[in-house]
Amino acid sequence: MEISTIGLDIAKRVFQVHGADALGRAVLRRKLRRDEVLAFFEGLPAACLVGIEACGTAHHWAREIAALGHEVRLLPPAYVKPYVKRGKTDAADAEAICEAVTRPTMRAVPVKSAEQQAVLTLHRTRDLLVRQRTMLVNALRGHMAEFGIIAPQGITRVVDLVTVLMGEDGRVPALARQALRGLAAELESLGKRVDEVKAAILAWHKQNAASCRLAAIPGIGPITASAIVATVGEARQFRSARHFAAWIGLVPKQRSSGGSRRQGSISKQGDRYLRRLLVLGATTLIRHARTRTAAEAPWLKGLLERRPARLASVAQANKTARIAWALLTKGEGYRAPAPAQATAA
């Protein structure tokens, strides 16, 4: 029995292994406990091609198994699903992975390093804390409005509500004041934790050359730059700048039939976090472009004259993503385009 290809269906405690020989015949079906996985792969007589679905903990197992001399490929779950014959079992999933990993056109997800995952953990933590802070701000505004106390828009103006809450003017009943002061204390604590995580991200950004180069692109700051570098890893895995933008989900969906091609809305496939950061950065550029002349921002100003602002922000995010790909693949710094010559009246 010579195993050449293995499909590994990972879980929290019980793992399913499906092995096939060079002809694709099934020669092994076995369940493994978590503490048996590495010993199993270490005991194989020859290096194998190992397929794993790109899900939670997949990058960890890919690094561990690859360190034993095997070739590991992480497959997107959506690409593995068509190979599942019938039913939803661990054995069927492992067999489907084993079949899919042998396809010559199958796309694989690059294995992330421990450092990449550490930086992304900072980003995910910051994103979670910011969402929790927004929930607290909305709750505090809503409860205070019930007593006729409101504040202008913006998170920086919430301090006005806290000042009233900490006072003793009697507009807020004692029972409500007791509960809302707890929300205010939690809001202050969350703000400090967000600042701490952001400082850790900025510290990593400053010592990473690729992240510093990306931060020079208009619409990309240290947060977006570090997220792109940590998520993408090796940018040369994408054949072109358009493929990179499509991976983020910033290109239109295509519907072709009978030789005619129609383009719809953006696909919104890929990494939601990167797409949101790029669109937010593009929205900031649009806000500044409204106050600039056509010679200073000709492309964006012309686009805003023809299209709505939301569509223009997605188009600008697409353009920014393509510039980021070029900088990552060529290893060069950002060079701002020369200002357009003003046309004569």
Residues of the stretch 250-275 being part of a loop (DSSP other than H, G, I, E, B) and surrounded by 15 or more Cβ atoms within 10 Å (Cβ to Cβ), in sequence order, are Leu250, Val251, Ser267, Gln269, Gly270, Asp271
Search result, residues across the stretch 234-249 that are surrounded by fewer than 15 Cβ atoms within 10 Å (Cβ to Cβ), under 16 Å from the mean Cα position of the chain (by Cα) and of a type in the set (Gly, Ala, Ser)
none
Pro152 fails exactly one of (1) in a helix (DSSP H, G or I); (2) loosely packed, with under 14 Cβ neighbours inside 10 Å, namely (1)
Restricting attention to the stretch 5-29, which residues are of a type in the set (Asp, Glu) and without any contact (Cβ under 8 Å) to a residue 60 or more places away in the chain?
Asp21
Tell me which residues, restricted to the stretch 289-312, are within 30 Å of the chain's Cα centre (by Cα) and farther than 22 Å from Leu250 by Cα.
Arg290
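Report yes if Ile201 is under 18 Å from the mean Cα position of the chain (by Cα), in a loop (DSSP other than H, G, I, E, B) and not assigned by TED's automatic domain parsing to the domain that holds His288, otherwise no.
For Ile201, the condition - under 18 Å from the mean Cα position of the chain (by Cα), in a loop (DSSP other than H, G, I, E, B) and not assigned by TED's automatic domain parsing to the domain that holds His288 - is not met.
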When Arg25 is run through (1) more than 28 Å from the chain's Cα centre (by Cα); (2) buried (at least 21 other Cβ atoms within 10 Å of the Cβ), the failure sits at (2)
Any residue at all in the stretch 164-174 that is within 27 Å of the chain's Cα centre (by Cα) and surrounded by fewer than 16 Cβ atoms within 10 Å (Cβ to Cβ)?
no
If I ask for residues that are closer than 17 Å to Ile217 by Cβ and hydroxyl-bearing (Ser, Thr, Tyr), which ones from the stretch 276-321 would you list?
Thr283, Thr284, Ser313, Thr320
Which ones in the stretch 92-114 are outside any loop (DSSP other than H, G, I, E, B) and more than 19 Å from Ser4 (Cβ to Cβ)?
Ala92, Asp93, Val109, Ala114
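The values are calculated or read from the model by the stated rules, or taken from the named source; none is laboratory data. Here the structure is a predicted model, which is why all the values come from computation and not from measurement. Here the Cβ is made from the backbone with ideal geometry for all residues, glycine too, and neighbour counts use every protein chain on show.
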